[in-house]
1. Could you please let me know if Ser242 is surrounded by fewer than 17 Cβ atoms within 10 Å (Cβ to Cβ) and touching an Asp or Glu at 6+ places or on another chain (Cβ under 7 Å)?
2. Out of the residues in the range 95-110 that are touching a Lys or Arg at 6+ places or on another chain (Cβ under 9 Å) and not in a strand (DSSP E or B), state the one that is farthest from Pro61 (Cα to Cα).
3. Residue under question is Ile195, and the condition is that it be surrounded by fewer than 20 Cβ atoms within 10 Å (Cβ to Cβ), outside any loop (DSSP other than H, G, I, E, B) and β-branched (Val, Ile, Thr); does it hold?
4. Would you confirm whether or not the range 114-129 contains a residue that is outside the structural domain of Phe294 (by TED's automatic domain parsing), under 19 Å from Leu192 (Cα atoms), modelled with pLDDT of 95 or more and assigned to a strand (DSSP E or B)?
5. Count, please, the residues in the range 217-234 that happen to be surrounded by fewer than 19 Cβ atoms within 10 Å (Cβ to Cβ), in contact with a helix residue (DSSP H, G or I) (Cβ under 8 Å, 6 or more places away or on another chain) and touching a residue at least 12 places away in the same chain (Cβ under 8 Å).
6. Answer yes if at least one residue in the range 153-164 is farther than 27 Å from Ser200 by Cα and free of Cβ contacts under 8 Å to residues at least 12 places away in the same chain, and no otherwise.
7. Does Arg288 satisfy the condition of being farther than 20 Å from Ser91 by Cα and in contact with a helix residue (DSSP H, G or I) (Cβ under 8 Å, 6 or more places away or on another chain)?
8. One residue is enough: does the range 59-73 have a residue meeting the conditions under 11 Å from the mean Cα position of the chain (by Cα) and of a type in the set (Ser, Thr, Tyr)?
Amino acid sequence: MKNPDVRQDSGSGDLGLARGALAQSIARWADGGEQHSTAIPGLSLFRREERSEPISGLYEPSICLVAQGAKRVLLGDDTYVYDANHYLITSVHLPTIVQIIEANRDRPYLGLRLTFDLRAVSQLMADSNLPAPRAQQSSRGMATGVVTSALLNAFTRLIDLLSEQQDIPILAPVIQREIIYRLLVGDQGARLRQIASAGSQSHQIARVINWLKDNFTEPLRVDDLATQAGMSSSTFHHHFRSMTALSPLQYQKQLRLQEARRLMLTEHLDAAAAAFQVGYESPSQFSREYSREFGAPPLRDIANLRQMAALETV
């Protein structure tokens with residue numbers, strides 16, 4: 001029996017059928033809340049019956065697909081919109097502002113995210129004899145691409161393993177490799193191959209981003225990061241901004257503020273304690289930067305978030 005919340009796709013041919021099948025599969029498993037973490041490592045499913053307010057979040061290396069609805073992502077001054085015709089690929093950890101822009105009760109937002117490890121991408125490139133891309137300037141670590149029926153079908157088969165969980169350890173890795181392969185040979189494949197290619201400038205920047213993500217509470221010296229990347233400070237700064245749309249200091253600040261917000265919201269820390277825990281030495285500076293980032297001082301912002309969460313559970 002077809003899920004009444006999923007409108008049959010108006011597209012024609014194999015792509016329309018594949019999109020409709022994926023929407024049915026997501027709706028089957030994501031009908032109890034906005035996000036559903038699955039038994040398949042790295043795979044999350046999403047459902048929402050109304051548009052959302054813009055919220056900050058950290059996108060990790062992943063592909064995001066929408067079977068129904070649309071989402072907008074802000075990265076620095078860049079805007080990315082992905083929907084049933086376009087996927088979003090992210091090749092490094094990036095702090096963003098995210099908003100679901102198409103969703104309602106009759107036609108809910110239905111989407112998914114599959115994270116991946118760049119080491120697995122590199123291994124698949126070697127196993128498949130895929131050539132490394134020609135050397136080029138670093139480009140954004142985020143992009144949209146055009147979905148294909150083969151990609152949609154692979155995701156549907158992956159989700160359908162949830163009904164036979166004993167098969168997940170054997171079959172899920174096989175389907176995940178197929179998905180990565182289709183990304184590598186797709187319209188954004190060169191971007192992904194560039195970052196996964198050891199020794200490339202993009203790969204060196206990606207390594208530094210991983211270090212920053214794990215050490216954002218530490219004092220930051222751009223010269224030290226440049227040395228880590230094997231570049232001059234000016235070259236490093238240029239490539240870092242090209243990939244993330246942010247300077248290294250802006251990137252660190254985004255990570256600190258997002259973690260502080262999480263600590264206040266979920267760990268119930270006060271603003272001063274959260275500020276010190278994420279690396280700020282001045283609570284007043286933290287409050288100023290927090291207000292600029294989230295549109296309200298910490299106390300008011302957290303109160304607003306808790307009020308919204310309470311309304312959503314009514």
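1. Against the criterion (surrounded by fewer than 17 Cβ atoms within 10 Å (Cβ to Cβ) and touching an Asp or Glu at 6+ places or on another chain (Cβ under 7 Å)), Ser242 does not qualify.
2. Asp106
3. no
4. Checked against the condition, which is being outside the structural domain of Phe294 (by TED's automatic domain parsing), under 19 Å from Leu192 (Cα atoms), modelled with pLDDT of 95 or more and assigned to a strand (DSSP E or B), the range 114-129 yields at least one hit.
5. Taking the range 217-234 and keeping what is surrounded by fewer than 19 Cβ atoms within 10 Å (Cβ to Cβ), we get 217-224, 227-228, 230, 232-234.
Retained after the next criterion (residues that are in contact with a helix residue (DSSP H, G or I) (Cβ under 8 Å, 6 or more places away or on another chain)): 217, 220, 222-223, 228, 230, 232-233.
Still in the running and touching a residue at least 12 places away in the same chain (Cβ under 8 Å): 217, 220, 222, 228, 230.
The total comes to 5.
6. The answer is yes; a qualifying residue exists.
7. No, not satisfied.
8. Yes, that holds for at least one residue.
The values are calculated or read from the model by the stated rules, or taken from the named source; none is laboratory data. Here the structure is a predicted model, which means the values were calculated and not measured. We place every Cβ from the backbone using ideal geometry, glycine too, and count neighbours over all the protein chains shown.
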